[in-house]
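Peer 1: This is the structure I want to talk about, given as structure tokens.
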Amino acid sequence: MEVVTTIEQVRKQVKSWRQSGYSIGLVPTMGFLHEGHQSLMAAAKKDNQKVIVTIFVNPIQFGPSEDLASYPRDLERDKIACEKMGVDLIFCPSASEMYTAHFNSYVDVNGLTDALCGKKRPGHFKGVCTVVAKLFNITQPNRAYFGQKDAQQLAVIKRMVKDLNFDIDIIGCPIVRESDGLAKSSRNSYLSPNERIAAICLYQAIELANLMIKQGERSVAIIDAAMHSVIAKQPLAKIDYIEFVDQQTLKSVELLEQDSLCALAVFIGKTRLIDNFIYQHQHS
Ligand code: AMP
């Protein structure tokens, strides 16, 4: 496994792989890797001959009051995780490698970014799309892997790839959870022991929603109220939003339909956690 920090080094490696006819899978991450990231690597490994993982805490996707400085980092541990997964190349650039002195070009996907987290984190998806577009251009992958955990990000990236004609397949991968249901996240490391226990309320709300759906409930208002009440019982939790939208358009729905997405963001203490589920008919 190679670990490189410059765009030139990546281009050189990618060029030689392309000349050999190898397919390339890309897994973009911000590091502090966990089993969620590793599931994307496993999927990339299965589909492609070469796998690139990028590790870059992208400054332009963080708001001024967000956690850029404190975002957890551990490159040495990340290297071991990637090696174990059979990754071929890690690209871990500095911020100045990615954003040179007069950098001034951005990719802004409209519409989809006004909803959900976009409302709460202005400029976030512009930062995400810009860095992902740059990583696509640098690594030239056949396929790129994103987690369903960040459902809006996945929808926005799919839109960007269609709109800007990137010749890349975007593969969405299922949410990987802890044994008690908490979605794995690098930000879980911020949680104190009490907060870690409280954080289960996101999944408890999702489980209750799924139970109600199983029993035939389709009204968003009713399911939403039940989810709110589960989380409200938890004193350390503060709901940022719970929303029900179409998975692709991210427009609100009032009744659950095939592929409706329920997305939630909840503060546990100071840590903002996100989670979601997609409603799919169970064919029996
Ligand atoms: P991040 O490092 O948090 O930017 O995440 C990098 C990629 O890993 C994104 O595509 C995330 O959606 C994905 N990811 C993060 N957590 C999970 C998880 N628990 N399950 C599946 N994918 C995840």
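The values are calculated or read from the model by the stated rules, or taken from the named source; none is laboratory data. Every value quoted in this text rests on a predicted model; they were computed, and no experiment measured them. Reconstructed Cβ throughout: ideal geometry from the backbone, glycine too, with neighbour counts over all protein chains shown. Note: accessible area is taken over every heavy atom of the protein model, side chains too, but ligands, DNA and RNA are not part of it. Shrake-Rupley method; radii C 1.70, N 1.55, O 1.52, S 1.80 Å.
Peer 1: Can you confirm whether K79 is under 19 Å from the mean Cα position of the chain (by Cα), more than 13 Å from the ligand (Cβ to nearest atom) and in the same structural domain as R18 (by TED's automatic domain parsing)?
Peer 2: In short, no.
Peer 1: Just give me the residues in region 222-243 being among the hydrophobic types (A, V, I, L, M, F, W, C) and either more than 19 Å from S192 (Cα to Cα) or assigned to a helix (DSSP H, G or I) (or both), in sequence order.
Peer 2: Matches in region 222-243: I222, I223, A225, A226, M227, V230, I231, A232, I242.
Peer 1: A further question follows. Which of the residues belonging to region 175-184 are near the ligand (Cβ under 10 Å from one of its atoms) and open to solvent by less than 50 Å² (accessible area, probe 1.4 Å)?
Peer 2: Selection gives I175, V176, L182, A183, K184.
Peer 1: Among the residues that make up region 166-174, is at least one of them in a helix (DSSP H, G or I) and either surrounded by 20 or more Cβ atoms within 10 Å (Cβ to Cβ) or within 16 Å of the ligand (Cβ to nearest atom) (or both)?
Peer 2: no
Peer 1: If Q247 passes every condition in (1) in contact (Cβ under 8 Å) with a residue 12 or more places away in the chain; (2) more than 17 Å from the chain's Cα centre (by Cα) but one, which one does it miss?
Peer 2: (2)
Peer 1: Going residue by residue through region 99-115, is there one that turns out to be within 18 Å of V3 (Cβ to Cβ) and touching a Pro at 6+ places or on another chain (Cβ under 8 Å)?
Peer 2: No; the residues of region 99-115 include none that is within 18 Å of V3 (Cβ to Cβ) and touching a Pro at 6+ places or on another chain (Cβ under 8 Å).
Peer 1: For the list (1) away from the ligand (no atom under 16 Å from the Cβ); (2) among the β-branched types (V, I, T); (3) surrounded by 14 or more Cβ atoms within 10 Å (Cβ to Cβ), I need the number of the one condition that I222 fails.
Peer 2: (3)
Peer 1: In region 18-30, which residue that is within 14 Å of the ligand (Cβ to nearest atom) and buried (at least 23 other Cβ atoms within 10 Å of the Cβ) is farthest from the chain's Cα centre (by Cα)?
Peer 2: G25
Peer 1: Under the condition of being touching a residue at least 60 places away in the same chain (Cβ under 8 Å) and buried (at least 22 other Cβ atoms within 10 Å of the Cβ), which residue from region 42-55 is farthest from the ligand (Cβ to nearest atom)?
Peer 2: I52
Peer 1: Of all residues in region 201-234, count the ones that are touching a residue at least 60 places away in the same chain (Cβ under 8 Å) and closer than 14 Å to Y279 by Cβ.
Peer 2: Here the count works out to 5.
Peer 1: Being more than 16 Å from the ligand (Cβ to nearest atom) and open to solvent by 70 Å² or more (accessible area, probe 1.4 Å) narrows it down to one of I197, I138, so name that one.
Peer 2: Being more than 16 Å from the ligand (Cβ to nearest atom) and open to solvent by 70 Å² or more (accessible area, probe 1.4 Å) holds for just one of I197, I138, which is I197.
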